[in-house]
Amino acid sequence: MDKIGYIRSTVYFLLLIATNNAAIVDIKTKGAKGDGITDDGPAIMKAWKEACEGPPPGSLLIPPGTYMSLAVELNGPCKGPLAINANGATIKAPPELAKFTTESWFSIRGVDKLTMTGGTFDGQGQETWKSTKCQETTKCQIPVNLRFSNLRNSLFKDITSINSKNFHISLRGSDNNRMENININAPGNSLNTDGIHIAKLNGLNITNSKIGTGDDCISFGEGSRNIRIEGVSCGPGHGFSIGSLGKFPNEEPVEGILLKNCTVNGAINGVRIKTWPNSHPGFVRDIHFEDIIINNVQNPVIVDQEYCPNKACTKGAPSKVKLTNVSFRRIRGTSASKVAMKLICSAEVPCENVEVADINLTFNGGPATSQCTNAKPKITGQNVLGVCAA
């Protein structure tokens, strides 16, 4: 955020608090040093407790500066709406993975009407990415930078997450929330650093954000419902991915997702739906990708119902996850491979009601191609690449 934006945001925050006659709990009044060395996590939790349990609306301030913090858990419910202002603040996790015994670094849980504004959360995950030991076993916890659980009717704005050891943001069990101007940054070779992972929630808007990381920019897990993504730039990374799904029994359906006016730059995938072969039954329906710009992406459009990374599954039987009412509309740009669109659907439950419209993807200056298996899409508009017809 630029200086003018910071001033405006801070003034707005102070006016909001003053209007509601609420006290601002400054973490420095609870012992935070802000020297980048001392563990300021306890001070953050003390300030949260006072703001959460005090007269509503509660207000927590992390003033500009650099703070170091071990794992932080901020739990509700609170007595009313609560605001966190971290404009101008940088919070750093220790780089040593051994200092973490929890699945989260910064966790907020069980709050209605939370407003979180500003802050750069630096997971310092570079050393963790270099080691595959923790990825191959379950003997150590790799913390997510920001874990938001059971938060409702909340706003997350102007937040930056960098170099997370694991996922940058995990949002689960949290209904009717908004994310605006979220910036996520990690190198393309960072391991398992999904930008935003979503699961088991109903109602979410993510707008005007920039995500570059080493895994999915946004990943949609089971139970993701009624989500709108608009104005998000992705790259590097693995693109916008629904799934993988069907690995476990009784997974909740994924439905009602619109991804619109987004850009994918230099990523492995563009827009993707993936399910495991030999899977448990499930449903993916009412998924729409519209007005997507693709720049030098390996797999711009892909449905992969035979997803099996690193030989982690058995391909002896087809996926049982049913895909219906899926559309790819007005997707244009450049593919890094000749086959720019792959619709690889299940032989047992073929994709139904798939629409392909106005796809303009080129490869090396000429038209790209497509591949379809167990899919007969409805084709409309003008398509540069040839698509298998219904």
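Just so it is clear, none of the values below were taken in a lab; they were calculated from the coordinates. Being a predicted model, the structure only gives us computed values, none of them experimental. Every residue, glycine as well, gets a Cβ built from its backbone with ideal geometry; the counts of neighbours run over all protein chains shown.
Hey, what did the range 234-327 get for relative contact order, percent, Cα under 8 Å, at least 6 apart?
Values: 242 pairs, mean separation 32.4, N = 94.
Once divided by the residue count of the range 234-327, the mean separation gives 34 percent.
Considering only Cα-Cα distances, which of the following residue pairs are longer than 30 Å: Lys49/Lys260; Lys210/Lys376; Lys33/Lys79; Lys157/Lys378; Lys260/Lys322? Write out the running numbers ahead of the final one.
Values: Lys49/Lys260 39 Å; Lys210/Lys376 34 Å; Lys33/Lys79 28 Å; Lys157/Lys378 39 Å; Lys260/Lys322 23 Å.
Beyond 30 Å: Lys49/Lys260; Lys210/Lys376; Lys157/Lys378.
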Top positive-direction residue, dipole computed over the chain with Cβ charges, set Ile302, Ile108, Asn163: Ile302
Relative contact order for the chain, counting Cα pairs under 8 Å that sit 6 or more residues apart, in percent: 8
Amide H within-cut-off set for Val339, under 5 Å, with H built and near neighbours excluded: Thr369
Amide H within-cut-off set for Val144, under 5 Å, with H built and near neighbours excluded: Ser104, Trp105
Ranked list, fewest to most other Cβ atoms within 10 Å of each Cβ, for Ile293, Ile44: Ile293, Ile44
Long-range HN-HN contacts of Ser161 with modeled amide H, under 5 Å: Phe121, Asn183, Ile184, Asn185
Per-residue ³J(HN,Hα) for the range 296-309, Karplus 6.51 cos²θ - 1.76 cosθ + 1.60, θ = phi - 60°, Hz, x for Gly and Pro: 6, 10, 5, 10, x, 10, 8, 10, 10, 9, 10, 5, 8, x
Whether the range 286-364 is rounded, prolate or oblate, judged on the alpha carbon gyration tensor where a/c under 1.5 counts as rounded: oblate
Global geometry of the range 258-307, whether rounded, prolate or oblate, following the gyration tensor of its Cα atoms and the 1.5 cut on a/c: oblate
Karplus 3J(HN,Hα) series, Hz, for the range 250-260 with 6.51 cos²θ - 1.76 cosθ + 1.60 (x for Gly, Pro): 6, 5, 6, x, 10, 7, x, 10, 10, 10, 9
Environment charge at Pro367 (Cβ cut-off 13 Å; Lys +1, Arg +1, Asp -1, Glu -1): +2
Tail fraction, Cα-Cα pairs, the chain, threshold 38 Å, whole percent: 22
Distance histogram for the range 216-390 (every C-alpha pair counted, 5 angstrom bins, percent rounded to whole numbers): 2, 9, 19, 23, 22, 16, 8, 2, 0, 0
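Around Gly195, what is the net charge, scoring Lys/Arg as +1 and Asp/Glu as -1 over all other residues with Cβ under 11 Å from its Cβ? Please report the intermediate quantities before stating the final value.
Numbers: positive: Lys210; negative: Asp194, Asp215, Asp216.
Net charge around Gly195: -2.
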Average Cα contact separation per residue, the range 216-390, under 8 Å, 6 or more apart, as relative contact order %: 17
Loop-resident sites, the range 136-240, for trypsin sites (Lys or Arg not before Pro), counting at most 11 other Cβ within 10 Å (DSSP): Lys139
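Within 10 Å of each residue's Cβ, count the other Cβ atoms and sort Ile268, Ile196 from fewest upward. If you can, show how the numbers build up before the last one.
On the way: Ile268 19, Ile196 27.
Result, fewest neighbours first: Ile268, Ile196.
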The range 271-309-the range 68-91 distance, computed between alpha-carbon centres (Å): 35
Charge tally in the Cβ shell below 9 Å around Asn299, where Lys, Arg are +1 and Asp, Glu are -1, Asn299 excluded: +1
Dipole magnitude of the range 91-227, debye to nearest 20 (Cβ charges: Lys/Arg +1, Asp/Glu -1, about Cα centre): 260
